[in-house]
Every structure is written in C-alpha cells, then in structure tokens.
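Visitor: I'd like to ask some things about the structure below.
What follows draws every value from the coordinates through simple rules; no lab data is involved. Owing to the predicted nature of the structure, the values given are computational and were not obtained by experimental measurement. Ideal geometry is used to build each Cβ from the backbone, glycine not excepted, and the neighbour counts take in all protein chains shown.
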Amino acid sequence: MGSSPLLIKSVVAALLVAVCFSSPVTAQQTDVEREADLLRQLAQAESPEDAVKVDAELKALWSRSGSAAIDLLLRRGRDALEAGTPEIAVEHFTAAIDHAPDFAEAYVGRASAYYLTSRAGPAIDDLRHALVLNPSHWEALQGFAIILEEVDRPEDALEVWRQVHEMHPQNPEAVAAVDRLERELQGRTL
C-alpha cells in the first residue's frame, strides 16, 4: 500500500505542531480584525443605541488582556473607582501594568484614578502611554481632551475632541464639547 505508519505519524505530528503554533497568532489577528471592524461600525453608527452596542463590544475586547490574573486586577481597579476609592484603584491598575506593560486598558484605568486624585501629570502620562499602545482608544483621547480643557488649552482640546467625534460620532460628550469649543473659539485663530 506504499504508506508507512511512520510517515503517516510524522505528517500528523507536523500538522498538530503547525496548528498548535499558529492558533495564538490566528486569535491575535482575529482580535485585531475584530477591533478594526468594531471601530468602523462605531464611526458609522446611525443612532446612539447602535453606538452603545458596538461600544460595549469594543470595550469588552479592549478589556481582555489574555491573562485571567490581569483581567482580575483590571476589574478590581474598576470596582475601586466605582466605590469611590481611586487610591486603591491606582494600586490595582499599577499591579496590572507591572505584570502586563503592553495592556493599554490598565493605563486608561490608572489615568482615571490619577485624575480623580488630582494628579493630572501622571494621568496625562498614562493616557499618552495608552494611546501609544492603542491609538484608536477613543476613551483615552477623551480623557486627554478633558484635561486639556482644564489646563486652559481649548484649541488643543478641540482638536482632540474632533478626533474623538470622528471615531465615535454618537458620543454625546464629544458632540457637546466640539460644539461648545467651536463657539468659544469662534473669532479666534484656530
């Protein structure tokens, strides 16, 4: 019959190795493709309700670090923010960052906690880092725009709010901020 059992076992082993080593890359590519699709859907959402659904999926995707322990730290940090204990949130987010320094969502969370403890400088640093890791993170851009307004840089804030609005046209904060800042800056050189 021509085929030896050793040859068949070798082919099967090679296929199994190929599948095992290609699965993580395929999953990663799927997440990247899914994020791009969700960002496109968010930008094209025709109603606030549609945008809320897409945004929830996008946030869920961004919240997956690939590690149950890091996801737990992220959840604990968010819980601490909701409980009104931003100092504790900083600790949880910092632990997540220490163990997963390429996880943008932990930087966004810690930036929120820093902001709530009146530490704008570290908040800006974390937002910057998050945007380096994920330039499409509209919430990080929104946080940056809010801080720019607070430090009296309305022209820069408007530019960032416009980016948020472009990514998420149904975002009521972005719509209101762009409108407000355009009226405020009308007559000034932009």
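Visitor: First select every other residue whose beta carbon is under 15 angstrom from the beta carbon of H92; then total the charges, Lys and Arg +1, Asp and Glu -1. Display every interim value, and only then the final one.
Guide: Values: positive: R75, R76, R78, R110; negative: D71, D79, E82, E87, E91, D98, E105, D126.
That sum, taken over residues with Cβ under 15 Å, equals -4.
Visitor: Taking neighbour Cβ counts within 10 Å as the exposure measure, how do E155, E49, E139, E35 sort from fewest upward? Write out the running numbers ahead of the final one.
Guide: Details: E155 13, E49 10, E139 23, E35 16.
By the 10 Å Cβ count, ascending: E49, E155, E35, E139.
Visitor: Now a separate question. Report the label-to-label distance for E33 and I88 in nanometres (one decimal), using points 7 Å from each Cα along the Cα→Cβ vector.
Guide: With each label placed 7 Å out from Cα toward Cβ, I get 4.2 nm.
Visitor: Lys and Arg at +1, Asp and Glu at -1: add these up for the other residues within a Cβ distance under 15 Å of T30 and post the number.
Guide: Net charge in that neighbourhood comes out at -3.
Visitor: To the nearest 20 Debye, how big is the dipole of the stretch 96-155 about its Cα centre, given +1 on the beta carbon of each Lys and Arg and -1 on that of each Asp and Glu? The partial results should precede the final answer.
Guide: Numbers: 4 positive and 10 negative charges, 17 e Å.
Around 80 debye, computed over the stretch 96-155.
Visitor: Just grab the label-to-label distance for L72 and E46, each label 7 Å out from Cα along the Cβ direction, in nm (one decimal).
Guide: 4.5 nm
Visitor: For T117 and A56, FRET efficiency with R0 = 25 Å and r from the beta-carbon atoms, rounded to 0.05?
Guide: On the way: r = 28 Å, r/R0 = 1.10.
It comes out at approximately 0.35.
Visitor: A follow-up question, please. Please give the per residue volume of the convex hull enclosing the alpha carbon atoms of the stretch 66-135, rounded to a whole number of Å³.
Guide: Numbers: hull volume 4.7 nm³, N = 70.
With only Cα atoms used, the stretch 66-135 gives 67 Å³ per residue.
Visitor: Something else now. In Å, what Rg and Dmax follow from the Cα atoms of the stretch 36-96?
Guide: Every Cα atom of the stretch 36-96 included, Rg and Dmax give 14.4, 39 Å.
Visitor: A follow-up question, please. Among D98, D156, what is the fewest-to-most ranking by other Cβ atoms within 10 Å?
Guide: Working: D98 11, D156 14.
Lowest to highest Cβ neighbour count: D98, D156.
Visitor: Find out how many positive minus negative residues lie around P48, taking Lys and Arg as positive, Asp and Glu as negative, among other residues whose Cβ is under 14 Å from that of P48. Don't skip to the end; give the middle numbers.
Guide: Numbers: positive: K53; negative: E46, E49, D50, D55, E173.
Around P48, the charge tally is -4.
Visitor: Shifting gears a bit: Kirkwood hydrodynamic radius (Cα pairs, Å) of the stretch 145-184? Walk me through the numbers on the way to the answer.
Guide: On the way: mean 1/r = 0.1035 Å⁻¹.
After inverting the pairwise mean of 1/r, the radius is 9.7 Å.
Visitor: Let me ask something else about it. Suppose every K and R has +1 on its Cβ and every D and E has -1 on its Cβ; what is the size of the dipole of the stretch 90-190 about the Cα centre, in Debye to the nearest 20? Present the calculation step by step, with values, prior to reporting the outcome.
Guide: Details: 8 positive and 18 negative charges, 23 e Å.
Dipole size: approximately 100 debye.
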